[in-house]
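What follows draws every value from the coordinates through simple rules; no lab data is involved. Note that the structure is predicted; figures quoted are calculated from it, not measured. A quick note on method: Cβ atoms are made from the backbone with ideal geometry, for glycine too, and the neighbour counts reach across all protein chains shown.
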Amino acid sequence: MTNFKPKRFALVPAAGIGSRMGGERPKQYLTLLGRPLIQHSLSVLCATPLIDKVFVVLSVADREWGRYDWSTLGPKLTPLFCGGASRADSVLGGLRAISNQTEQSDWVLVHDAARPCLAPWHVEKLVREVANEEVGGLLAVPVADTLKLADVQQHVIRTVPRDSLWQAQTPQMFRYVMLRRALEAAREVTDEASAIEAAGLHPRLVQGDATNLKVTYPLDLHLAEWILRNREE
Ligand SMILES: Nc1ccn([C@@H]2O[C@H](COP(=O)(O)OP(=O)(O)OP(=O)(O)O)[C@@H](O)[C@H]2O)c(=O)n1
Ligand SMILES: C[C@](O)(CO)[C@H](O)COP(=O)(O)O
């Protein structure tokens with residue numbers, strides 16, 4: 001009998017333009033503590049023994065990646081110049097590009113390039129808690145604020161009960177074949193879990209924390225810098 005052990009691959013969509021950030025360069029290349037923003041999470045993903053390979057999905061028009069030396073991150077890292085028009089298109093393009101390197105049951109951990117404060121313990125907790133899940137799962141945090149439903153004039157219609165509401169983060173961890181099929185069937189989604197849900201399945205929520213923020217607006221870059229500076233290794 002063969003002792004087949006599924007591998008774990010990280011897939012990092014990094015083909016966005018960062019329109020809400022409004023910078024001169026896509027936000028994944030903005031400088032954060034002296035390094036391109038994307039390098040922070042790539043370092044964590046490349047360093048952990050829990051991940052076999054790390055694929056970065058870049059725009060076909062990317063002119064920034066080649067300006068940096070990535071060799072310090074080691075041999076696990078491979079850029080794929082196959083990004084699409086949306087995040088979901090980029091992830092699907094990446095999954096297709098690695099099809100000859102994956103088995104159906106291998107795990108794929110999709111992580112936003114725009115979340116630079118990913119810590120080793122985030123990855124460890126996700127992998128540990130999802131390992132025995134049939135469907136897969138994602139890091140997320142329970143909603144802490146009171147939620148208001150608004151009309152177009154920005155007046156409150158009503159308060160929405162926040163019980164059972166979580167904010168999705170990344171990484172999101174699913175089996176290669178399940179994720180690819182789900183994304184091929186549901187392209188208008190903003191995360192992988194939504195595609196899996198559209199297939200009628202129920203991903204596991206793994207509680208992360210607010211430090212794994214997504215850099216979306218200029219203030220987020222300052223928050224990310226503060227988090228990384230003050231993190232105890
Ligand atoms: N066509 C796209 C759009 C987004 N992304 C990636 O998906 C992640 C999350 O997306 P978001 O924060 O929305 O990034 P942008 O699309 O770059 O930002 P914006 O929506 O403000 O333009 C980012 O790492 C981004 O690079 C991608 O790979 N391909
Ligand atoms: C995947 C994600 O990071 C979960 O919070 C998020 O949905 C991606 O953000 P976008 O702005 O919708 O691309």
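Brief remarks on what is shown
- Between the residues Val189, Leu219, Leu77, the greatest Cα displacement towards the positive end of the dipole of the chain, with unit charges on the Cβ of Lys, Arg, Asp and Glu, is found for Leu77.
- Exposure proxy for Trp121, Trp65, Trp107: other Cβ atoms within 10 Å of each Cβ, ordered fewest to most, give Trp121, Trp65, Trp107.
- Cross-link reach list, aspartates and glutamates versus Lys27, counting only Cα pairs under 17 Å and skipping chain neighbours closer than eight places: Asp62, Glu64, Asp112, Asp220, Glu225
- Unit charges on C-beta of K, R, D, E only; dipole of the range 5-89, Debye: 240
- Positive-pole candidate from Leu147, Ala14, Ala119, dipole of the chain, charges at beta carbon: Ala14
- Working value for the chain: equivalent-ellipsoid semi-axes of 26, 24, 18 Å, each the square root of 5 times a Cα gyration tensor eigenvalue, largest first.
- By the Stokes-Einstein formula, at 1.306 mPa s and 10 °C, the range 1-74 with its Kirkwood radius over alpha-carbon pairs has D equal to 114 µm²/s.
- Net dipole in debye of the chain [+1 Lys, Arg Cβ; -1 Asp, Glu Cβ; about Cα centre; nearest 20]: 280
- This model, with +1 at the C-beta of Lys and Arg and -1 at the C-beta of Asp and Glu, gives the range 58-166 a dipole about its Cα centre of some 280 debye.
- Among the GluC sites (Glu not before Pro) in the range 1-107, those placed in a DSSP loop whose Cβ has at most 10 other Cβ atoms within 10 Å are Glu24.
- Inter-site label distance for Glu64 and Arg25 at 7 Å from Cα along Cβ, in nm: 0.6
- Along its first, second and third principal axes, ordered by size, the range 47-185 spans 52, 38, 33 Å in Cα coordinates.
- The share of C-alpha pairs in the range 25-121 whose separation exceeds 19 Å stands at 41 percent.
- Annotation: the residues Glu134, Glu129, sorted from fewest to most other C-beta atoms within 10 Å of their own C-beta, follow the order Glu134, Glu129.
- For the range 128-233, the equivalent ellipsoid derived from the alpha-carbon gyration tensor has semi-axes of 26, 22, 14 Å in decreasing order.
- Counted by neighbouring Cβ atoms within 10 Å, the residues Ile17, Ile98, Ile38 run from fewest to most as Ile17, Ile98, Ile38.
- As a calculated quantity, the FRET efficiency between Ser105 and Tyr217 at R0 = 35 Å, using C-beta atoms, amounts to about 0.35.
- Label-point separation in nm, Arg158 to Glu134, each point 7 Å along Cα→Cβ: 3.4
- Taking a point 7 Å from the Cα of Arg231 along the Cα-to-Cβ direction, the residues of the range 103-124 with backbone N closer than 12 Å to it are 115-124.
- For the range 173-202 and the range 37-107, distance of Cα centres in Å: 19
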